[in-house]
Amino acid sequence: MTTARAHTNIALIKYWGKKDPDLMLPYTSSLSMTLADYYTETSVHFDASLDADQFYLDGRQTPAAKVSAFLDLVRQQAGRQEFATVTSANHVPTTAGLASSASAYAALALAASTAAGMELSATELSRLARRGSGSASRSIAGGFVIWHRGHDDATSYAEPVATQPTIPIRMVVVLVNGGQKAVSSRAGMQNTVATSPFYSSFVTSNEAAIAPMQTALANNDFTMIGELAEASSYQMHATMLAAKPALSYFEPKTITALQHVQQLRQAGIPAYATMDAGPNVKILTLAPFVDRIVSTLRQDFKTVTVTQPGPAATLID
Ligand code: ADP
Ligand code: DP6
Ligand code: CO
């Protein structure tokens with residue numbers, strides 16, 4: 001049995017839409033921060049006596065179709081036939097817009113490829129993880145990570161940004177609702193690409209933000225990092241709102257959290273919001289301002305946690 005741990009990541013410049021759904025090639029590059037405190041641990045055991053893949057998530061037997069399709073890619077690459085038992089534990093709310101699919105498929109890529117006898121490079125692992133969930137390509141690496149959109153299977157992978165920031169960037173996670181969302185990221189982005197009249201504008205402006213974000217990270221320019229991240233998030237949600245049917249992951253308390261961020265900024269606190277495909281709000285800030293932000297958000301929210309850049313995916317015993 002082989003076990004891997006991978007941490008989730010939150011995109012500062014978002015991925016929302018696939019140019020090639022089979023190969024999982026995105027329309028835009030994206031750029032994320034891997035999180036220290038949220039992760040998935042997954043064990044894989046190939047077993048010649050099985051007649052189907054078995055998947056256990058958080059102690060429960062779970063339908064294995066998606067995991068099994070991913071294992072097919074691993075079997076194909078490794079030249080193996082056996083089915084596998086996959087046992088996974090999420091230390092992150094599942095399917096809630098906190099990127100469980102990112103840590104899940106990064107951990108599965110590492111555990112399954114190793115269990116199948118392969119020793120993949122970080123780039124090969126990222127390409128493999130991408131096939132399970134696009135955002136998972138970025139959870140192979142730690143710190144700040146760029147997923148190059150690429151133009152084929154070989155060129156679409158993630159790696160750490162060339163120059164990591166040295167300022168103490170923190171992310172305050174405001175839990176609005178940890179329950180499962182109604183529309184998965186996959187379905188949501190597919191319909192956005194197909195129907196939103198704003199989609200091509202999103203692609204243009206999101207892609208144009210990649211180089212400035214790399215520069216801002218290299219220059220430790222937190223204001224620029226925050227402004228670019230917040231803009232990418234709002235632009236992604238705007239293109240969804242314009243889809244048919246309109247897609248909104250906002251809940252009433254999402255707005256409450258976003259208003260706090262605006263007011264904190266008016267009071268001179270560096271705080272910028274980003275949201276994924278779910279109602280939860282993540283606030284980017286710097287370490288000296290964490291206490292002020294947490295105490296403000298705790299006025300309205302029970303679960304407010306602080307995290308920081310986290311490590312690359314690893315094998316564990
Ligand atoms: P999230 O915002 O949590 O990333 P998504 O809509 O992207 O939500 O995807 C969640 C998908 O990831 C679902 O198909 C879910 O079953 C799958 N998933 C979540 N955790 C795991 C895990 N530990 N192992 C395998 N698949 C997982
Ligand atoms: C809003 O990677 O979860 O979190 O590739 O279909 O599995 P699939 O979707 P997923 O989408 C993530 C969307 C996002 C933005 C981001 O992480 O870049
Ligand atoms: Co996801």
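Seen from Ile10, the other residues with C-beta closer than 10 Å to its C-beta sum to a net charge of +2, counting Lys and Arg as +1 and Asp and Glu as -1.
Highest mean packing first, where packing is the average number of other Cβ atoms within 10 Å per residue, the peptides 106-112, 124-130 line up as 106-112, 124-130. For the chain, the longest principal axis of the alpha carbon atoms and the long axis of helix 185-195 meet at an angle near 70°.
Give, as ranges by residue number, the residues of region 266-288 whose backbone N falls under 12 Å from the point 7 Å along Cα→Cβ of Glu251. Within reach of a label on Glu251, which here means backbone N under 12 Å from a point 7 Å along Cα→Cβ, region 266-288 contributes 278-281. The distance from the alpha carbon centre of region 186-209 to that of region 40-91 is 32 Å, rounded to a whole number. The HN-Hα couplings worked out from phi for region 108-118 by the Karplus form 6.51 cos²θ - 1.76 cosθ + 1.60 (θ = phi - 60°) are 5, 4, 5, 5, 6, 5, 5, 4, 7, x, 9 Hz, whole numbers, x standing for Gly and Pro.
Of the residues Pro252, Pro168, Pro270, the one that moves most in a GNM of the chain with alpha-carbon contacts below 10 Å is Pro252.
Karplus-derived 3J(HN,Hα) values for region 295-302, using 6.51 cos²θ - 1.76 cosθ + 1.60 with θ = phi - 60°, are 5, 5, 5, 5, 4, 10, 10, 6 Hz; glycine and proline are entered as x.
A protection proxy built from the mean count of other Cβ atoms within 10 Å ranks the segments 34-42, 277-285, most packed first, as 277-285, 34-42.
Rounded to the nearest 0.05, the FRET efficiency derived from the C-beta distance between Gln180 and Leu23 at R0 = 30 Å is 0.65. Counting only C-alpha contacts under 8 Å and six or more residues apart, can you give the relative contact order of region 169-307 as a whole percent? 42 percent. Near the amide H of Leu50, within less than 5 Å, lie the amide hydrogens of Phe83, all on another chain or at least 5 residues away, with H placed in the peptide plane. Under 5 Å between amide hydrogens, built in the peptide plane, is the criterion, and for Asn177 it picks out Asn280 among residues at least 5 positions away or on other chains.
Of the listed pairs Lys18/Lys302; Lys14/Lys244; Lys66/Lys253; Lys18/Lys244; Lys66/Lys302, which have alpha-carbon separations greater than 27 Å here? Violating the 27 Å limit, Cα to Cα: Lys18/Lys302; Lys66/Lys253; Lys66/Lys302. For region 44-56, 3J(HN,Hα) computed residue by residue from phi via the Karplus equation (6.51, -1.76, 1.60; θ = phi - 60°) reads 10, 9, 7, 9, 4, 8, 7, 10, 6, 5, 10, 10, 10 Hz, glycine and proline entered as x.
Heavy atoms of the protein chains alone define the surface here; on that basis region 12-74 has 42 Å² accessible area per residue at 1.4 Å probe size. Distant-in-sequence amide contacts of Val306, defined by a placed amide H-H separation under 5 Å and a gap of 5 or more residues or a different chain, comprise Val173. The protection proxy used here, the mean number of other Cβ atoms lying within 10 Å of each residue, ranks peptides 88-101, 58-71 as follows, highest first: 88-101, 58-71.
Model label sites at Ala211 and Thr166, defined 7 Å from Cα along the beta-carbon direction, differ in position by 2.6 nm. Between Gln262 and Ala231, full extension at 0.36 nm per residue minus the direct alpha carbon distance yields a gain of 9.8 nm.
The values are calculated or read from the model by the stated rules, or taken from the named source; none is laboratory data. Bear in mind the structure is a predicted one, so any value in this text is a computation, not a measurement. Every residue, glycine among them, receives a Cβ derived from its backbone with ideal geometry; neighbour counts consider all protein chains shown. Quick note on the areas: whole protein, heavy atoms, side chains included, nothing else; ligands and nucleic acids left out. Shrake-Rupley method; radii C 1.70, N 1.55, O 1.52, S 1.80 Å.
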